[in-house]
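Everything on this sheet refers to the single structure shown next.
The values are calculated or read from the model by the stated rules, or taken from the named source; none is laboratory data. Nothing here was measured: the structure is a model prediction, and the numbers come from that model. Here the Cβ positions follow ideal geometry from the backbone for every residue, glycine too, while neighbour counts run over all protein chains shown.
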Amino acid sequence: MHKGLSHIPVLLMTLAILTCHGSELSREITDEQWKADLQQISASIKEIHFKPFHVLPEAEFDAAVQDLGERIPELSDTEIVVAMAQLIAKLRDGHTRIHMPRQYPEFALLSELGHSGTPPPKFRALELRSAPVRFG
């Protein structure tokens, strides 16, 4: 794909998600809960991932995490999920992604780090009944 066009799939997917779920500030989860989820994703990537920063320098990842954390109050739940998926896509690792459950896209809070053996989610809505979506 031409370098200048590489962000078009991300833009189209973002627009599709926002169009399907409305672009109004829809919040089911508090800022503090989102920030805790973001910190958990960041910590999990650093603790569990075999080599998370072989493409993206850790300092750039940390800056992107901080930037997203600061923007959380202005974003809807759907926009936060998309931003988290974009953050994880920066690692350029096909085994590291957020799943977007087809039945409950508003609860796409799970990140998958490689083939880790994590326990099932507490909420049935978060069970992985999905196809992975790659942003980037």
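Taking the stretch 28-56 only, how many residues are in contact (Cβ under 8 Å) with a residue 60 or more places away in the chain, touching a Leu at 6+ places or on another chain (Cβ under 7 Å) and within 16 Å of Val82 (Cα to Cα)? Selection size over the stretch 28-56: 1. Taken together, Thr78, Thr118 contain a single residue that is among the β-branched types (Val, Ile, Thr), at pLDDT below 65 and either surrounded by fewer than 16 Cβ atoms within 10 Å (Cβ to Cβ) or touching a His at 6+ places or on another chain (Cβ under 6 Å) (or both), which is Thr118.
The residues of the stretch 66-75 that are part of a helix (DSSP H, G or I) and surrounded by fewer than 19 Cβ atoms within 10 Å (Cβ to Cβ), listed by number, are Gln66, Asp67, Gly69, Glu70, Arg71, Pro73, Glu74. Residue count for the stretch 32-54 satisfying the condition of being within 19 Å of Arg92 (Cβ to Cβ) and either surrounded by 11 or more Cβ atoms within 10 Å (Cβ to Cβ) or of a type in the set (Phe, Trp, Tyr) (or both): 11.
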